[in-house]
Amino acid sequence: MKSDLTAAQHEFRDEVRAFLAERLPEDIARRVRYGRAVGKEDQIRWTRILNARGWAAPHWPEEHGGTGWSLVERHIFDVECRAAHAPPLSGFGFNMVGPAIARYGSPEQKQRFLPAIRHADMWWCQGYSEPQAGSDLASVRTTAVRDGDEYVVNGQKIWTSAAEIADWIFCLVRTDPAAQQQKGISFLLLDLTSPGIQIKPLFAFNGKRLWNQVFFDDVRVPVENRLGEENRGWTVAKSLLGDERLMVSRVSENKRLLGLLREYLALQGGVESAGFASRFSELSIRLDALEMTSLRILTDADKGQTIGAEPSMLKLKGSQLVQAMDELLFELAGYWVLPQDRSLRGTTDAPPIGPEHTEYIASGLYHHRGYTIAGGSSEVQHNIIAKQVLGL
Ligand SMILES: Cc1cc2nc3c(=O)[nH]c(=O)nc-3n(C[C@H](O)[C@H](O)[C@H](O)COP(=O)(O)OP(=O)(O)OC[C@H]3O[C@@H](n4cnc5c(N)ncnc54)[C@H](O)[C@@H]3O)c2cc1C
């Protein structure tokens, strides 16, 4: 994009680039580049490299290890990290519960949890959705009944990503069944090794364990593990969105995918081949428009302006663009794409049977379909845009 970054922002970008060139482990970048899974050990390694530089949690308050960067600087950092094929850090700890603890936590909670998240010693997952509560999250039914210094939790969460590798889960639970929907909800932090918790896998259609169901059967949780006031968990949950709500455009991810498309097109005889030129240009223009819109909103927010429902447009357009990139990648990989897919071959150890770059294109396409739903479905975003942006 022909953006108008300031001289200081250019300098900042160069500093990030130099750091990534020097410190991002090649083996990890290679895994990300080819769409292979990055295991927990590698995630920990990269998180600790960033943490040692003071860059693991740029958006946290500075007293808890944040950098004080502006939103535009954070955008630049994200774009550079993704362009270098750095794996994104665990969003549940860094983008969700971490900032919420920094804002609503007691001094003890901050001390206990924040350094552990930054150093990748403690992994989190998100227990919001339930079988009857998804888009309509205020319908959660999992209960937490006070018993002295503890809550007794009963119920079920569903679609819980990464519970199988997490140590803790943050949950919305109902503490006052008589109160109006949002008002009777509290925000609890639960140790996943507590007696009474059972985690069962949920598999996607290609056999990958993408989610879990988490069952709570008389699980005792110390009251000190409640974040924020009792029955005010909805306020905490909303704050999880905070600034993160603005970082939903997936520009950095789209740029990475566009870079791969360019590279793979070159491998196959250049952008003019097979009539892909106009589609590539269209994606490139859509990405420019998305980045400009995103930077405009981030710059306004940096200036202290209140941002309304615009991030819904970024979420919608960003996720649609990732999927359009996937589709072109899929077509480019041609007849290799399905035979290459290891999950369809029922093994993760099988050697590749075609060009290396085609190996995980199908997996990427399947995985990114979930962007339509996760973090607020496209239909819900359309509703928000219709009401709050277009005034319909
Ligand atoms: C990849 C992925 C990862 C996820 N990870 C997690 C996680 O870690 N933790 C967690 O708690 N949850 C997670 N979720 C769950 C996700 O938050 C829910 O799927 C989402 O909130 C939608 O809820 P639902 O599945 O119950 O669908 P529903 O809310 O029942 O929606 C079903 C359909 O109806 C549409 N719809 C709903 N309401 C309206 C409306 N008012 N107007 C028009 N259409 C509407 C929806 O768009 C959708 O198409 C994940 C989901 C995905 C796909």
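The values are calculated or read from the model by the stated rules, or taken from the named source; none is laboratory data. Just so it is clear, the model here is predicted, and its values are computed rather than measured. Positions of Cβ are generated from backbone atoms using ideal geometry, with glycine treated the same way; all protein chains shown enter the neighbour counts. Just the protein is used for accessible areas: all its heavy atoms, side chains included, with ligands, DNA and RNA removed. Shrake-Rupley method; radii C 1.70, N 1.55, O 1.52, S 1.80 Å.
Every condition in (1) surrounded by 14 or more Cβ atoms within 10 Å (Cβ to Cβ); (2) in contact (Cβ under 8 Å) with a residue 60 or more places away in the chain; (3) within 22 Å of Y34 (Cβ to Cβ); (4) among the hydrophobic types (A, V, I, L, M, F, W, C) holds for L295 except the one numbered (3). Scanning the range 2-14 for any residue that is among the β-branched types (V, I, T) and open to solvent by less than 40 Å² (accessible area, probe 1.4 Å) turns up nothing.
Kindly indicate which of V72, V32 is modelled with pLDDT under 95 and touching a helix residue (DSSP H, G or I) at 6+ places or on another chain (Cβ under 6 Å). Unique residue meeting the criteria: V72. In this structure, E80 does not qualify as part of a helix (DSSP H, G or I) and loosely packed, with under 14 Cβ neighbours inside 10 Å.
Given the options L338, L290, name the one that is more than 15 Å from the ligand (Cβ to nearest atom) and open to solvent by less than 20 Å² (accessible area, probe 1.4 Å).
Numbers: L338 fails: open to solvent by less than 20 Å² (accessible area, probe 1.4 Å).
None of the other options fit; the residue is L290.
Close Cβ contacts (under 7 Å, 6 or more residues apart or on different chains) running from residues in the range 141-153 that are on the phi < 0 side of the Ramachandran plot to residues that are of a type in the set (S, T, N, Q) and open to solvent by less than 10 Å² (accessible area, probe 1.4 Å) comprise A144/S186; V153/T142. Counting only residues that are open to solvent by 10 Å² or more (accessible area, probe 1.4 Å), within 16 Å of the ligand (Cβ to nearest atom) and under 19 Å from E230 (Cβ atoms), the range 98-133 holds 1 of them.
Among the residues that make up the range 147-156, is at least one of them out of contact with any Lys or Arg (no Cβ under 6 Å at 6 or more places or on another chain), within 27 Å of L202 (Cβ to Cβ), at pLDDT 95 or above and not in a strand (DSSP E or B)? Checked against the condition, which is being out of contact with any Lys or Arg (no Cβ under 6 Å at 6 or more places or on another chain), within 27 Å of L202 (Cβ to Cβ), at pLDDT 95 or above and not in a strand (DSSP E or B), the range 147-156 yields no hits at all. Checking each residue in the range 182-228 for being under 18 Å from S161 (Cβ atoms) and basic (K, R) picks out K200, K208, R209. When the residues of the range 197-240 are filtered to those that are out of contact with any strand residue (DSSP E or B) (no Cβ under 6 Å at 6 or more places or on another chain) and charged (D, E, K, R), the one that is surrounded by the most Cβ atoms within 10 Å (Cβ to Cβ) is R232. Within the range 35-77, the residues that satisfy the criterion of being within 26 Å of Q305 (Cα to Cα) and open to solvent by 40 Å² or more (accessible area, probe 1.4 Å) are H59, P61, E62, E63, G68, W69, E73. In the set (1) open to solvent by less than 40 Å² (accessible area, probe 1.4 Å); (2) away from the ligand (no atom under 13 Å from the Cβ), the condition left unmet by D149 is number (1).
Does the range 157-196 hold any residues that are of a type in the set (A, V, I, L, M, F, W, C) and open to solvent by 50 Å² or more (accessible area, probe 1.4 Å), and which are they? Explain how you work it out, then say what you get.
The initial filter retains those residues of the range 157-196 that are of a type in the set (A, V, I, L, M, F, W, C), namely 158-159, 162-163, 165-166, 168-173, 178-179, 185, 187-190, 192.
If the condition is that a residue be of a type in the set (A, V, I, L, M, F, W, C) and open to solvent by 50 Å² or more (accessible area, probe 1.4 Å), then W159, I165, A178 are the ones that fit.
Could you look through the range 83-109, keep only residues that are outside any helix (DSSP H, G or I) and among the small types (G, A, S), and pick out the one that is farthest from the chain's Cα centre (by Cα)? Reasoning before the result, please.
Here is the first cut: in the range 83-109, the residues outside any helix (DSSP H, G or I) are 84-90, 105-106.
With among the small types (G, A, S) added as a condition, the list becomes 84, 86, 90, 105-106.
Values: A84: 18, A86: 14, S90: 7, G105: 22, S106: 26 Å.
Among them, the one singled out is S106.
Residues that are farther than 17 Å from F187 by Cβ and away from the ligand (no atom under 16 Å from the Cβ) do not occur anywhere in the range 134-146.
Here M292 passes the criteria (1) out of contact with any Asp or Glu (no Cβ under 9 Å at 6 or more places or on another chain); (2) closer than 21 Å to F203 by Cβ except the one numbered (2).
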